[in-house]
Each structure stands twice: as C-alpha cells, then as structure tokens.
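The values are calculated or read from the model by the stated rules, or taken from the named source; none is laboratory data. The structure presented is a predicted model; accordingly, all values stated were derived computationally and were not measured. Positions of Cβ are backbone-derived with ideal geometry, glycine not excepted, and every protein chain shown enters the neighbour counts.
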2 protein chains.
Amino acid sequence: MGFADGTTCEYVYFKSGGTVAIAAFTDDNKMILTKQYRHPLQKVVYDIPGGAIEAGEMPSQAALRELEEETGYTTEKLEWIGKFSRGPSSQAIVDLFFARVRRKGSFNKNEMVQVEMIDLDSLIQRISDGECFDAALTIAALLVSWKKLLDK
Amino acid sequence: MGFADGTTCEYVYFKSGGTVAIAAFTDDNKMILTKQYRHPLQKVVYDIPGGAIEAGEMPSQAALRELEEETGYTTEKLEWIGKFSRGPSSQAIVDLFFARVRRKGSFNKNEMVQVEMIDLDSLIQRISDGECFDAALTIAALLVSWKKLLDK
C-alpha cells in the first residue's frame, strides 16, 4: 500500500469472507460454550458456536447451521446483536447473533466440538479474570449483558 | 498438526508475541479513540491506543509507551482489566489496561494517528449498532462498563 508522501509499505493480512458467532442460551439462561483445541495457543480454549459464512448463505443461515452442527441445539429466531473485526491483520467481520435454543432431534457427532453450559454472570467473571478470552465469546457475553437480553 | 486417529492437517496462523491496548479516560470521563486506516477493510476504523510488546518490555510498559506515542497523553497508573485472543488463526493475546490520563508536555507527531474523544455510553451505543467494531475497542469499552471503573 502507498502513503500520500510517496512511501510504500507491505501490509500482510488474512483474506477471508464473513464469519458468524452465536450467543446461544437455553430456557434456564445457560449459555452454550464450545471447547476447541487452538494450535497457535497450544491449548484448549472456550469459545462459542460459529464459523465461516458459506457461498450463497445469509449470515443468519450460517449461524443456524453452525449452531446445529456444533452443539446439536437449534432455534426459531436469531437476533443480530453486533459485529466485530478481529484486528489490524484481518479483514474478517464477525456478525454476532443471540438465540434462545432447544435440543434438536438429530445431531451429527462428526464435528469435534465439546459443549459446556454456564451462567452469564459466572462467564463474565471468568472473562474479567482472564480465564475465558476468545474475542467472539467475550464480546457476545458482554453485549448480551449490556443489552439485558436475558431479562426480556 | 496431528490428531489421535493419525490424520494430520495444515494449520495456518500468524506467529506473534503479545500485544496491549489501553482504555484511556480523561478526568471528564471521555475515552480516547484512535483512527487508523485498515488496509484489509479498505477504510478508516476507530480503535484504541495499543500495539506490540517490544523485547524486554513488561506489558504495562508497552501500554504506557503506546499511549504516549499514539495520543500524547500519559498516566501514573495502568490497571490490567482483562485480555483476549483475536481468534483461531492467531496466537496473539491482547492485554487490556485501564488508565486515567492527562496531556503530556512533548508529543512525537510522527506517529500517524488521529485522536477523538467520546463518552463511554455513546461509544457502547455505537458498538451495539455496529458502527464501532474493533475487537480491542469493543472489549475494553464493555469491560470498563461492566466493572463500573468510571464510578470509582
């Protein structure tokens, strides 16, 4: 890329399309976390259901597909609650959705994801302590709290 | 990387050290935003002061240096308020700090950063509407709100 003064610099970044992530809550206000091994961090990290938007999909369709594939839960309604950009070296925007979910009859166990349930307040305390730190999980949990979506 | 069943896959990610970002507030509760051109997104994006930890630096030292370099403000005290990971394709952890700041006498104008001031509530409304979406800015603002740091 070039600057106004004529200098140029190399700007290395990841090319990618859009991504979605879902703040999924059961009827008793438990948030569904997923656990996945993150090779760059060399450890298992808590995050939330989500993934890349596939060709021809709307973001909400991708969110429903990822929710069902990764957790075995489904929903009738996905509410867009915000978006974020991972950082300077990424063009990916992550759209965040909120959903009340229930177990789905069939579940493809081929997706290597473990699921855990947690109260929102306990989760935000863990975020505050640095124990949970995935960006999508963190932003989704804090937005659900700020928007008071569980009180509705 | 290899899996228990003997299969392997390629895992592409950015190698990097730690990064810091600062939720900096003036005495009248204005948060300092920085504006930077993000080539991957092809536009100017609001974020907060921050950057990479240099060799030999503590995270808090890096935070103070970046704050001073990018904004011309300084502080006596940096409070660690949390951390986050940008996502699956990054090993970078971003440590977040809160600081009450004041203008510094000297200011190196060579850093190409524009600064804007905003109320926390206005900023979170803009985050909620998707107008501000940088991950560090978003998490820092929501954590300051959740921890009620401006009430202290």
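I'm told residue A:70 meets every condition in (1) buried (at least 18 other Cβ atoms within 10 Å of the Cβ); (2) charged (D, E, K, R); (3) at pLDDT below 75 except one. Can you identify the failing condition by its number?
Looking at each condition in turn, residue A:70 falls short on (3).
Against the definition (within 13 Å of chain A (Cβ to nearest Cβ), under 17 Å from residue B:27 (Cα atoms) and among the β-branched types (Val, Ile, Thr)), how does residue B:144 come out, yes or no?
Judged against the criteria, residue B:144 is a match.
For residue A:90, state whether it is of a type in the set (Ser, Thr, Tyr) and modelled with pLDDT under 95.
yes
Within the set of pairs 6+ apart or on separate chains, which have a first residue in the range B:35-47 that is more than 10 Å from chain A (Cβ to nearest Cβ), a second that is part of a helix (DSSP H, G or I), and C-beta atoms under 9 Å apart?
Qualifying pairs under 9 Å: B:46/B:123; B:46/B:126; B:46/B:137.
Can you tell me which residue among B:72, B:130, B:56 is facing chain A (nearest Cβ under 8 Å), over 12 Å from the mean Cα position of the chain (by Cα) and on the phi > 0 side of the Ramachandran plot?
Matching residue, one of B:72, B:130, B:56: B:130.
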